[in-house]
Amino acid sequence: MSKTISLGSLTVDRVVECGRYRFAPDALFPSLTRDHVRQSADWLDARLIDRGTGDLFLSFHSYVIRVNGRVILVDTCSGNHKDRPALPAHHQLNTRYLENLVASGVRPEEVDVVLCTHLHPDHTGWNTQRADGRWVPTFPNARYLMSAIDFAHFEEFYSRRPTDPVAADVARSFEDSVLPIAEAGQADLVSLDHRVHDELAAGVWFESAAGHSPGQVIIHAKSAEHHAVFSADVMHHPVQLQNLSMPMGGDADPLAAAATRHRLVQAYVDTGTLILPAHFPDPCIGRFSSSADELRFAWLERN
């Protein structure tokens, strides 16, 4: 877990489920070859790629925002003991995620708000945990905020009972990690520009980032001159800075996803805004920068 980041009246901690998972490049980006990855080895170091094989490393983690005495959790990773046979990175895990959350100073019952950037299996898994044979909310006192567009999309997808193995896993994720939250009365379905109520957390709001899923959002957190953007799955790995239009295999709408990536980078390149990606390996947090017409990710820290 990275050290706490202070942003005025806000603090941010990263809570890791799996800090380093290996993917073949074309498993994530169909047009990306191992040779293309190796050609970027001058600026993608060994924490990001395997320079020998050309494989990519991703992380799965959440963020904890503390503001005004409130605790906000951004995304909840894959979860333990979830059945995802077609998605081996997320299948029947048994990680120390909750222990890592407690180590950051937060017990599950102390979480006030869970912000779901989108409703894919690796962002909603710890919404629930198994208890007495049922999937129940992991954070019993929290409101779970999720976009109404994504909820409607995945609810309809689930209702079709898809038989394709990956699609079936996505539907199963909605059943065991999203529906129980709605059934418990803890889900708030919100608009794509929702602003978290001031009494909970002033300066935290959603912005539409559609493409990877129809209702994906990014999360803004602002305090005085400090501005952080939790960028969800707009970008999975720094290698995408080579070509912002490069399709990602999991994008629901590749053209919209690419447009969102361009918009995010153009808005914050060479500014003071911190970018907190959902899957960049440690040190994870940084800023978009440009040099000689090339885009790079400038890390905030090197642990």
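When restricted to residues that are touching a helix residue (DSSP H, G or I) at 6+ places or on another chain (Cβ under 8 Å) and either modelled with pLDDT under 95 or hydrophobic (A, V, I, L, M, F, W, C) (or both), the range 119-155 contains 8.
Going through (1) surrounded by fewer than 21 Cβ atoms within 10 Å (Cβ to Cβ); (2) modelled with pLDDT under 95 one by one, Pro281 falls short only on (1).
For every residue, the table says whether it meets (1) at pLDDT 95 or above; (2) acidic (Asp, Glu).
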site: Val16; (1), (2): yes, no
site: Tyr21; (1), (2): yes, no
site: Pro25; (1), (2): yes, no
site: Asp42; (1), (2): no, yes
site: Arg51; (1), (2): no, no
site: Phe57; (1), (2): yes, no
site: Lys82; (1), (2): yes, no
site: His90; (1), (2): yes, no
site: Thr117; (1), (2): yes, no
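When the residues of the range 1-48 are filtered to those that are part of a strand (DSSP E or B) and of a type in the set (Val, Ile, Thr), the one that is farthest from Val204 (Cα to Cα) is Val16.
A residue that is more than 28 Å from Asp132 (Cβ to Cβ), in contact with a helix residue (DSSP H, G or I) (Cβ under 6 Å, 6 or more places away or on another chain), touching a residue at least 12 places away in the same chain (Cβ under 8 Å) and not in a strand (DSSP E or B) occurs nowhere in the range 77-88. Condition test on Arg296, is it within 27 Å of Ser6 (Cα to Cα) and modelled with pLDDT under 95? When the stated conditions are applied, Arg296 passes them. Six or more apart or on different chains, Cβ atoms under 6 Å: show the pairs whose first residue is in the range 41-70 and closer than 30 Å to Val113 by Cα and of a type in the set (Phe, Trp, Tyr) and whose second is buried (at least 17 other Cβ atoms within 10 Å of the Cβ) and modelled with pLDDT under 90. That search, which allows pairs on different chains as well, returns nothing.
Residue-wise test of (1) among the β-branched types (Val, Ile, Thr); (2) over 15 Å from the mean Cα position of the chain (by Cα); (3) under 19 Å from Thr117 (Cα atoms); (4) in a loop (DSSP other than H, G, I, E, B).
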site	(1), (2), (3), (4)
Gly249	no, yes, yes, yes
Ala259	no, yes, yes, no
His262	no, yes, yes, no
Val265	yes, yes, yes, no
Gly272	no, yes, no, yes
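Taking every residue in the range 271-294 that is hydroxyl-bearing (Ser, Thr, Tyr) and pairing it with any residue that is surrounded by 15 or more Cβ atoms within 10 Å (Cβ to Cβ) and in a loop (DSSP other than H, G, I, E, B), at least 6 positions away or on another chain, the pairs with Cβ-Cβ distances below 8 Å are Ser289/Val269; Ser290/Val269.
Every condition in (1) part of a loop (DSSP other than H, G, I, E, B); (2) crowded, with 19+ Cβ neighbours inside 10 Å is met by Arg51 except one, and the failing one is (2). Filter the range 103-128 for residues that are touching a His at 6+ places or on another chain (Cβ under 8 Å) and farther than 17 Å from Ile149 by Cα; which is surrounded by the most Cβ atoms within 10 Å (Cβ to Cβ)? Result: Gly125. Does Ser223 count as closer than 17 Å to Pro30 by Cα and over 18 Å from the mean Cα position of the chain (by Cα)? No; evaluated as a whole, the condition is false for this residue. What are the residues in the range 72-97 that are of a type in the set (A, V, I, L, M, F, W, C) and surrounded by fewer than 18 Cβ atoms within 10 Å (Cβ to Cβ), if any? Selection gives Ala86, Ala89.
Conditions (1) within 18 Å of His118 (Cβ to Cβ); (2) modelled with pLDDT of 95 or more; (3) buried (at least 22 other Cβ atoms within 10 Å of the Cβ); (4) of a type in the set (Phe, Trp, Tyr), marked per residue:
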position	(1), (2), (3), (4)
Leu192	yes, no, no, no
Val204	yes, no, yes, no
Ala209	yes, yes, yes, no
Lys222	no, no, no, no
Glu225	no, no, no, no
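Assess whether Ser62 counts as being small (Gly, Ala, Ser), at pLDDT 95 or above and crowded, with 16+ Cβ neighbours inside 10 Å. Yes, satisfied. Tell me whether the range 130-147 contains one or more residues that are farther than 19 Å from Asn80 by Cβ and either surrounded by fewer than 16 Cβ atoms within 10 Å (Cβ to Cβ) or among the acidic types (Asp, Glu) (or both). Taking every residue of the range 130-147 in turn, at least one turns out to be farther than 19 Å from Asn80 by Cβ and either surrounded by fewer than 16 Cβ atoms within 10 Å (Cβ to Cβ) or among the acidic types (Asp, Glu) (or both).
The values are calculated or read from the model by the stated rules, or taken from the named source; none is laboratory data. This structure is a prediction, so every number in the text was calculated from the model and none was measured. No Cβ is skipped: glycine too gets one built from the backbone with ideal geometry, and neighbour counts run over all protein chains shown.
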